[in-house]
Every structure is written in C-alpha cells, then in structure tokens.
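Bear in mind these aren't lab numbers, they're just calculated from the coordinates by the rules spelled out. For clarity, every value in this text was computed on a predicted model and none was experimentally measured. Glycine also receives a Cβ, built like all others from the backbone with ideal geometry; neighbour counts cover every protein chain displayed.
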Amino acid sequence: MFKKNRQGIQIKSPEQLQKMREAGLVVGRTLDLLKRSAEPGMTPLDLDAIAEQAIRSEGAVPSFKGYQGFPATICASVNDEVVHGIPNDARKLREGDIISIDCGAILDGWHGDSAVTIGIGEVDPKLAELMRVTEESMWRGIAALRVGANLSNVGHAVEKYVKSQGRYGIPQEYGGHGIGTEMHMDPWVANHGKPGRGPVLEEGMCLAIEPMVNLGTHRTRVLADEWTVVTLDGRASAHFEHSVAVTHNGPWVLTALDGGEERLAQLT
C-alpha cells in the first residue's frame, strides 16, 4: 500500500524511506565513480557504459533507459546543453568542457535520482563559478524542505540565491519533482517563485530538487532529437540534483553518501 495525502502526493513510511535510501545510495555511488572517471578524450557514451555497469552490479536497474523511449542510462549534457542530453560517441570530452551527468536507478521498486555538473580538466573561472552557484542554490532549496513549510519555499530559496550571485538565467519550464515508486511524480518543484504557496510539506514526502542555471539567458530550445535541451544563446548551463526525504529531523538527502549532513550543517 502506498499512502497519499489530500493533494495526491505519495507519503512514505520509515521502512519505505529506507528503501528509498538504498536506491539513492546506488545513484550516489555511481555518480561518485563517474566524477572520478571523466577525463579528456572520453565520450559521453563511455560514461554511460560505466554507469550502467555500476548500477546493475548493485542489483539495480537504470531508471532512464527506455523511459519514454530514452535510449541511455544517463543524461549527459555538455556545455550549452541544459538537460536530457543523449550520450553519444560523436565527440570526445575536451579540457575545459563542463558536463552535467543525470543518473537514476530503481532498486526493489524504488527510485533514486541525482545529477552533478563537473569540469573536464581546468575550466574557465566563469564556468567554475556557474557550477558553484548552481550547486549552492540546490542546497539552499534542500534546506527549505521542512515539515510544515510550503513547497514554493524551495523554488524561492533557489531563485533568491542565484539572483544574489549575478546575472544568471533560470529556465522556467524545467524543475524538480516528486519521486518514489515512480521516477517522476507529483508535485512539480519550480526553481523560482514566491514563498508560502503550494502544498504543505509533510514527513515522508520525497522530492528531487534540481536547479538548472544558465550563464546567459533563461530561454532554451529542444534539439531535433526531441530530448536535448540547449540554451538559446549558446552559453553554458549547469545542473545539480538530489533526491530528498522530508523528516521531522530536517531534510534527509537520500542520494548524498553522507545523507547531506555536512552541507546542511553549514547552512544551519
């Protein structure tokens, strides 16, 4: 049985949260491996093969592969690609590139979903700062996940931080989502907006918090492959994501190897 609240949002029991944590750790360990593996000369398809082997070696199944026809284990979005990049071997990663790697896994029927953006070798300081701002905005959003708070507080925290750091663009049509027995569930989680609106957060909710931040305009377009989203001005974009459980003790970051303790302690 899967409990839902009045808004139809899935509420997990403590036992189900532990299952979510196990799936999240598969994703966290896979992304950690990919961060250590990525180097100039590799292709996104090389990273995809590493990810699939890592996920399946833990008895899990890639969430993305076959999802609505998506052909790969990870989304690999390079430079001006915002999200949903399809891994291919048409180009090799070069020194100075940045790549967003989005990864999901299913274990015992439960999903984990997380993303990181990393630099290949030494990157331009503006790109390094873009990645820092995006990751920090994610943590600000995660810190807003408190029992009794409104969902829109998350997007407000993300947007407030990003705007405080400079002239960046936040794509309006993409955001986070509920997660559990399905990868994408209600509610949708915007990366912008006013606080104090939307559903009230309850213990047992699980949400994927995933800001995308562009170096230039917030406007995007989808390529002919019908998946890859790119910035309209051709400037770089970064993307970070964690799956997080709402608990009475605060956010529990299911896809972070330490549960998010270190970063959340710094924010509180």
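A few notes on this one:
- The calculated P(r) of the chain, using every Cα pair and 10 Å bins from 0, goes 7, 33, 38, 19, 3, 0 in percent.
- Among 240-246, 23-29, 61-67, the order from most to least packed when residues are scored by Cβ within 10 Å on average: 240-246, 23-29, 61-67
- Phi to ³J(HN,Hα) by Karplus 6.51 cos²θ - 1.76 cosθ + 1.60 over region 90-102, Hz, x for Gly, Pro: 6, 9, 9, 5, 10, 3, x, 5, 10, 9, 8, 10, 10
- When the Cα gyration tensor is reduced to axis lengths a ≥ b ≥ c, the ratio a/c is 1.5 or higher for region 54-212, and with a/b not above b/c it is classed as oblate.
- Selection from 216, 264, 144, by position along the positive dipole direction of the chain (Cβ): 144
- Packing-based exposure ordering (other Cβ within 10 Å, fewest first) of 252, 188: 188, 252
- The orientation-averaged shadow of the Cα convex hull for region 1-116, equal to a quarter of the hull surface, comes to 8.3 nm².
- In region 50-154, the GluC sites (Glu not before Pro) that fall in loop regions by DSSP, at most 12 other Cβ within 10 Å: 95, 122
- In plain terms, the chain from residue 257 to residue 53 could stretch by 71.5 nm, reckoned as 0.36 nm per residue minus the Cα-Cα distance.
- Inter-part distance, region 110-163 to region 37-63, computed on C-alpha centroids, equals 23 Å.
- Vicinal HN-Hα couplings computed from phi for region 135-146 (Karplus, 6.51 cos²θ - 1.76 cosθ + 1.60; Hz; Gly/Pro x): 5, 5, 5, 4, 5, 5, x, 4, 4, 7, 7, 10
- Selection of trypsin sites (Lys or Arg not before Pro), region 159-259, meeting DSSP coil and at most 14 other Cβ within 10 Å: 167, 197, 219
- The stretch between residue 4 and residue 217, if pulled fully straight at 0.36 nm per residue, gains 72.9 nm over its current Cα-Cα span.
- Residues whose amide H lies under 5 Å from that of residue 232, counting only those 5 or more places away or on a different chain, are 219, 220, 221; hydrogens are built 1.01 Å from N in the peptide plane.
- Interchain or long-range residues, amide H under 5 Å from residue 244's placed H: 207, 208, 209, 254
- Using the Karplus relation 6.51 cos²θ - 1.76 cosθ + 1.60 with θ = phi - 60°, the per-residue 3J(HN,Hα) values for region 120-134 come to 9, x, 7, 10, 4, x, 5, 6, 4, 5, 4, 5, 4, 4, 5 Hz, with x marking Gly and Pro.
- Ordering 195, 158, 86 by the projection of their Cα atoms onto the charge dipole of region 10-267, which places +1 on the Cβ of Lys and Arg and -1 on the Cβ of Asp and Glu, puts 195 at the extreme positive end.
- Set 12/65; 3/163; 65/163; 12/160; 19/126 screened for pairs whose C-alpha atoms are more than 32 Å apart: 3/163; 65/163; 19/126
- The charge dipole of the chain, taken about the Cα centre with unit charges on the Cβ atoms of Lys, Arg (+1) and Asp, Glu (-1), comes to about 840 debye, rounded to the nearest 20.
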